[in-house]
Every structure is written in C-alpha cells, then in structure tokens.
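**Q** Below you will find the structure I want to go over with you.
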Amino acid sequence: MQKKIRKEKLMCTDEKRIDEFLSNARIGYLGLTDGELPYVVPLNFIWMNGAIYFHGAQEGRKIELIRANPNCCFTVAEEYGTLVSPIPAKTDTAYMSVMMFGVIERVNDIIEATSALQGMLDKYLPGYHNNKLSQTHVEKYRSSLGSHTAVFKIIPKVRTAKENPLNPQRIFYPGRNVEMDI
C-alpha cells in the first residue's frame, strides 16, 4: 500500500520506476528498535517477488532485536547530485528514496532461501560464479565463527517513494559559481 506524503509533488507512484530502483540499489537500511533506541543497520539486499530479502548470521544484536520485535522499516535512498540556485534557500538535492514498513520473517524454505541468495550473488557479483548456488551448500555452509547463514524477508505492508529528479542544467560541479546562473 502506497502511503501519502507531505510533499505530494515528490511522491513517486510509478511502479516500474520503484521496482527498477529497488532492484538496482546496492545498500538498504534496516530500522529496528530495542524498545528504547532505534537501531539501523546497512545491508546488502535483493528486491524479489515484492519482498526485500537479506541474510546474516543466526546470532548477534540484529537477530536478538528481530526476535524481540520483528516490526521494521527498510529504507533505500540514492543521491544523484546537488541542484544549484542563485537563491540559497532553493538549493536542492536530486534523489530517490523508498521507505517500507513491514514484519521480518525468517525464510525456512530451502528453495526460497537458495533463490534469494542466488539473486544476491547475481546482483553483487554478476558473471563471477560459473555454477548456480546449490541447496546443499546453503544448508551446510558455516561462517568462520561457525554460524549458519539465516535468510530473512520483509513483505512491505506500507510503502512511500519520493523522487526529486536530476535536472542536468542545475547540477553542481566544482568550478560552477552563482555568476554562471544569473
């Protein structure tokens, strides 16, 4: 469900654009809470079948917080440049951002987990591995600390997307000054 935002003119409702953005963005930020303080973790992720997938060790602070309260926010943002204006208050940033709110679920189905991990390999290391990831490898893999890899997914319940498009005529570059824009 797309939620309204205060600056409606920046709201992005183009599903294809949002899908493309989430598929190509490299880092997302997982927001959790320990009941008192927010805890935000940068993560590699994949957007697949309408869900965010990520992986990690089966233990640690992130896992403890997920177990205690699986409600989360996942934010992805990309900055495209600073937009100049002779009026300082009208200087702006070109960007796109998507915020999703949902519940984190552990992926226990080995086929789904393997598919998500293969998707991450394809995204972050395209063409590097000659063979597809096997389910056996996913089941048996242990980290250097002896931890099994856990795969998680977030199916967004609420989502907002904002975009301030890049205007090439207004992009700042070193050497550009206000006299060039008057």
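**Q** Suppose we keep only residues that are touching a Leu at 6+ places or on another chain (Cβ under 7 Å) and closer than 15 Å to MET48 by Cβ within region 112-136. Which one would you say is surrounded by the fewest Cβ atoms within 10 Å (Cβ to Cβ)? Let's see the steps before the verdict.
**A** Pass one, region 112-136, residues touching a Leu at 6+ places or on another chain (Cβ under 7 Å): 114, 117-118, 121, 129, 133.
When the remaining residues are screened for being closer than 15 Å to MET48 by Cβ, the result is 114, 117-118, 121, 133.
On the way: THR114: 20, LEU117: 21, GLN118: 17, LEU121: 14, LEU133: 19.
So, considering only residues that are touching a Leu at 6+ places or on another chain (Cβ under 7 Å) and closer than 15 Å to MET48 by Cβ, the one surrounded by the fewest Cβ atoms within 10 Å (Cβ to Cβ) is LEU121.
**Q** Taking ILE52, is it outside any strand (DSSP E or B), within 25 Å of ASP34 (Cβ to Cβ), in contact (Cβ under 8 Å) with a residue 60 or more places away in the chain and in contact with a strand residue (DSSP E or B) (Cβ under 8 Å, 6 or more places away or on another chain)?
**A** Criteria not met by ILE52.
**Q** Okay, next question. Looking only at residues that are surrounded by 14 or more Cβ atoms within 10 Å (Cβ to Cβ), under 18 Å from MET11 (Cβ atoms) and not hydrophobic (A, V, I, L, M, F, W, C) in region 155-182, which one is farthest from the chain's Cα centre (by Cα)?
**A** ASN164
**Q** While we're looking at this one, here's another question. What is the residue count in region 96-122 for residues that are in a helix (DSSP H, G or I) and either under 18 Å from PHE21 (Cβ atoms) or of a type outside the set (S, T, N, Q) (or both)?
**A** 10
**Q** From (1) modelled with pLDDT under 95; (2) out of contact with any Lys or Arg (no Cβ under 9 Å at 6 or more places or on another chain), pick out the condition that doesn't hold for LEU10.
**A** The number of the failed condition is (2).
**Q** Okay, next question. Using beta carbons and a limit of 6 Å, which pairs, at least six apart or on different chains, have the first residue in region 161-182 and under 30 Å from PHE101 (Cα atoms) and touching a residue at least 24 places away in the same chain (Cβ under 8 Å) and the second one of a type in the set (A, V, I, L, M, F, W, C) and part of a loop (DSSP other than H, G, I, E, B)?
**A** Going by the 6 Å Cβ cut-off, the qualifying pairs are ALA161/CYS12; GLU163/CYS12.
The values are calculated or read from the model by the stated rules, or taken from the named source; none is laboratory data. Owing to the predicted nature of the structure, the values given are computational and were not obtained by experimental measurement. Cβ: placed from backbone, ideal geometry, glycine included. Neighbour counts: every protein chain shown.
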